[in-house]
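The values are calculated or read from the model by the stated rules, or taken from the named source; none is laboratory data. Every value quoted in this text rests on a predicted model; they were computed, and no experiment measured them. Don't worry about glycine lacking a Cβ; one is built from the backbone with ideal geometry, like all the others, and counts go over all protein chains shown. Note: areas computed on protein heavy atoms with side chains; ligands, DNA, RNA excluded. Shrake-Rupley method; radii C 1.70, N 1.55, O 1.52, S 1.80 Å.
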Amino acid sequence: MLEPTSSHRQQDFRVAKNGESLRVNPRVATGLLIGLSVVAHLPGFGGAFIWDDDAHVTESRAVVDPGGLPTIWFEPGSVPQYYPLTHSSFWLEYRLWGDNPTGYHAVNILLHVASVVVLWRLLAGLGVSGAWLAAALFAVHPVHVESVAWISERKNVLSGLFALLSTVAWLSWWRAEPGTAGRRWWLAVGFFAAALFSKTVTVTLPAAWLVICWWQGGRVGRREWLSVLPMLLLAVPMGLVTVWSEQRHIGAGHLDLGLSALDRILVAGRAIWFYAGKLFWPTELAFIYPRWTIDSASILQWIYPLAAVLVLFALWCQRSRVGRGPLAAGLLFVGTLAPALGFVDIYPMQFSFVADHFQYLASIPLLVAAAWLMVTRRYPTLGGAALLILLGLAWVRGPVFLDNANLWTDTVAKNPRSPLALTSLGNELGAAGSHKLAERRHREAIAVDNEFPDAWVNLSVELQVQAKHDEAFDAARQAVRLAPWLPRARVNLALGLTDRERYDEAVEQLEAAVATDSRFSAAWFHLARVELLRNNQSGFDTAVEQLRRLDPRLARDFEPSP
């Protein structure tokens with residue numbers, strides 16, 4: 001099962017000269033893949049910037065500033081995550097189309113298209129039956145709409161392409177005569193580094209190569225092990241930088257998820273089956289899924305991780321009968337998911353343990369298995385039907401990402417107890433002028449989780465708009481009490497203190513905000529304003545100087561009139 005049609009180790013890594021490659025014209029096959037990839041993602045094309053896109057693109061000083069490229073690479077924290085190649089692509093595109101989201105969407109689609117074509121060539125080169133169908137399933141699968149339609153997930157489609165190119169280069173080196181393909185190995189290293197600089201979830205890639213090596217040849221030798229060891233010199237530091245960034249700049253360091261080591265095993269076990277389920281039954285896809293309750297004392301919850309282990313063990317025991325392919329697919333699926341299975345705290349875990357974009361690359365081995373099964377068991381009609389169904393589901397999913405209103409309305413409908421979705425929808429309603437409805441959504445979010453600081457911050461803003469000043473001030477104080485590390489909460493409270501002419505207290509809040517995040521230009525702006533109000537020239541000069549460095553446009557408000 002899932003065995004290569006040719007396992008000759010010295011064969012050049014190219015499109016196989018047997019099986020489907022004899023029956024399919026490469027140009028026609030490539031054109032069909034491109035067409036499917038583009039058509040599947042047309043409904044989300046041309047949408048607006050949505051959640052997090054402001055932090056990554058439109059309000060990122062490093063991206064907007066023409067001189068921000070060195071900052072992206074050499075000042076970790078200047079952008080939300082240290083993925084410098086991803087943010088460099090945003091920096092370049094901002095020079096081309098600025099605040100127009102259409103260009104960013106087009107690039108995301110083109111990157112996905114390129115990955116689909118490279119994946120087909122890679123699988124065909126490995127001699128996998130159903131290689132084209134597997135690539136087509138990857139092209140149109142609705143779980144990938146989130147990665148392609150959401151501009152912030154450029155890191156997924158960019159790192160995915162480099163990961164696939166790196167795999168092609170490494171396998172080309174591996175199949176060559178020892179000592180004859182050094183350039184190919186260096187090319188694999190270069191693409192692997194590019195993948196890491198795009199998104200460090202690709203740290204598992206060298207392990208995936210070893211699994212493919214075992215699947216194809218039945219063993220992993222000294223040459224293969226030595227070839228991937230240098231990759232650790234890239235993977236380990238980048239992984240540590242990502243963890244540091246999550247803890248320091250994204251907010252994971254302030255999370256208290258209360259998860260023990262056993263709890264994390266339960267999270268991982270259930271997440272594995274969740275992702276597999278969404279691949280084979282992709283309905284009710286949501287931007288934020290309900291966060292399930294973890295109880296290590298529950299015997300039923302242990303079924304998930306135990307079942308995953310038992311399946312892999314059974315495939316190992318049956319490898320001589322069914323082949324190494326099924327076990328390799330399972331190992332590749334679980335291994336590629338590993339960084340997102342909850343063993344390390346990441347910011348989204350406070351909202352949900354799973355997300356569609358976490359399995360962009362991990363989906364490939366199971367889709368390959370499904371395609372192989374349909375082709376080798378002579379189910380061509382089933383393959384065509386699967387493509388049409390998935391394409392239709394992708395078309396239904398795409399419009400959800402056209403703007404924030406669609407995104408949060410859909411998310412609340414599918415996950416009505418998500419405080420983030422509720423308060424985010426409240427923000428959209430407030431921006432549209434529906435202030436009563438907005439206030440209601442913020443209060444619903446607080447009713448679900450009265451310790452969610454963002455909901456208190458947003459409620460305070462909405463109450464202030466409605467001239468409910470005392471209630472707004474109380475909500476702002478509650479936000480700071482819950483999250484003293486959140487600069488937005490402190491700035492919001494400082495505004496209320498300023499309105500009450502309690503300038504010294506306002507300065508304390510603003511100084512605490514910039515101490516937490518020295519790049520938060522809004523805090524420096526309001527600090528300069530308050531220092532001016534209380535006639536503190538030195539404090540005013542310091543704040544304006546910082547503002548000139550971070551956001552010259554805001555600093556102009558304090559420049560003397562000509």
To the nearest 10 degrees, how steeply does helix 469-482 sit against the main Cα axis of the chain, on a 0 to 90 scale?
50 degrees
Enumerate the residues in region 292-311 having an amide nitrogen under 17 Å from the point lying 7 Å beyond the Cα of GLU451 toward its Cβ.
292-295
On Cα atoms only, tilt of 101-125 relative to the major axis of the chain in degrees:
20 degrees
Rounded to the nearest 10, the angle in degrees between the Cα long axis of helix 453-465 and the longest principal axis of the Cα atoms of the chain comes to 50 degrees
Would you please give the FRET efficiency between ASP499 and TYR379, computed as 1/(1 + (r/R0)^6) with r the Cβ-Cβ distance and R0 = 41 Å, to the nearest 0.05?
0.05
Determine the gain in length on full extension of the stretch VAL236-TRP273; use 0.36 nm per residue of separation and subtract their C-alpha separation, reporting nm with one decimal.
10.5 nm
Leaving out same-chain residues fewer than 8 places away, which lysines sit with a Cα under 25 Å from that of LYS436?
LYS414, LYS468
Please report the carbon-and-sulfur percent of the accessible area for the chain; probe 1.4 Å, protein heavy atoms only, DNA, RNA and ligands left out.
62 percent
How big is the gap, in Å, between the Cα center of region 489-562 and the Cα center of region 114-140?
55 Å
Arranged from highest to lowest average of other beta-carbon atoms within 10 Å per residue, in what order do the peptides 365-373, 494-502, 143-151 appear?
143-151, 365-373, 494-502
Counting heavy atoms of the protein chains only and a 1.4 Å probe, report the per residue accessible area for the chain as a whole number of Å².
44 Å²
Taking 327-338, 130-141 and ranking on average Cβ neighbours within 10 Å, highest first, one gets 130-141, 327-338
Computed label-point distance, nm, for sites LEU306 and ASP474 using a 7 Å Cα→Cβ extension:
5.0 nm
For ALA188, net neighbour charge (Lys/Arg +1, Asp/Glu -1) across residues whose Cβ lies under 14 Å away
+3
Geometric extent, Cα atoms of the chain - Rg, Dmax (angstrom):
25.6, 84
Can you compute 3J(HN,Hα) from phi for each residue in region 405-413, using the Karplus curve 6.51 cos²θ - 1.76 cosθ + 1.60 with θ = phi - 60°, rounded to whole Hz and x for Gly and Pro?
4, 4, 4, 6, 5, 5, 5, 5, 4
In nm, to one decimal, how far is the modelled label at ASP54 from the one at ASN25, with both set 7 Å along Cα→Cβ?
5.1 nm
Once you sort the root eigenvalues of the Cα gyration tensor of region 493-562 as a ≥ b ≥ c, which label holds: rounded (a/c under 1.5), prolate (a/b larger than b/c) or oblate (the other case)?
oblate
Rounded, prolate or oblate (a/c below 1.5 giving rounded, otherwise prolate when a/b exceeds b/c) for region 408-456 by Cα gyration tensor:
oblate
Region 62-217 - Rg (one decimal) and Dmax (whole number), Cα, Å:
17.0, 51
Per the C-alpha gyration tensor (a ≥ b ≥ c, the square roots of its eigenvalues), region 152-273 is rounded if a/c is under 1.5, else prolate if a/b beats b/c, else oblate; here it's prolate
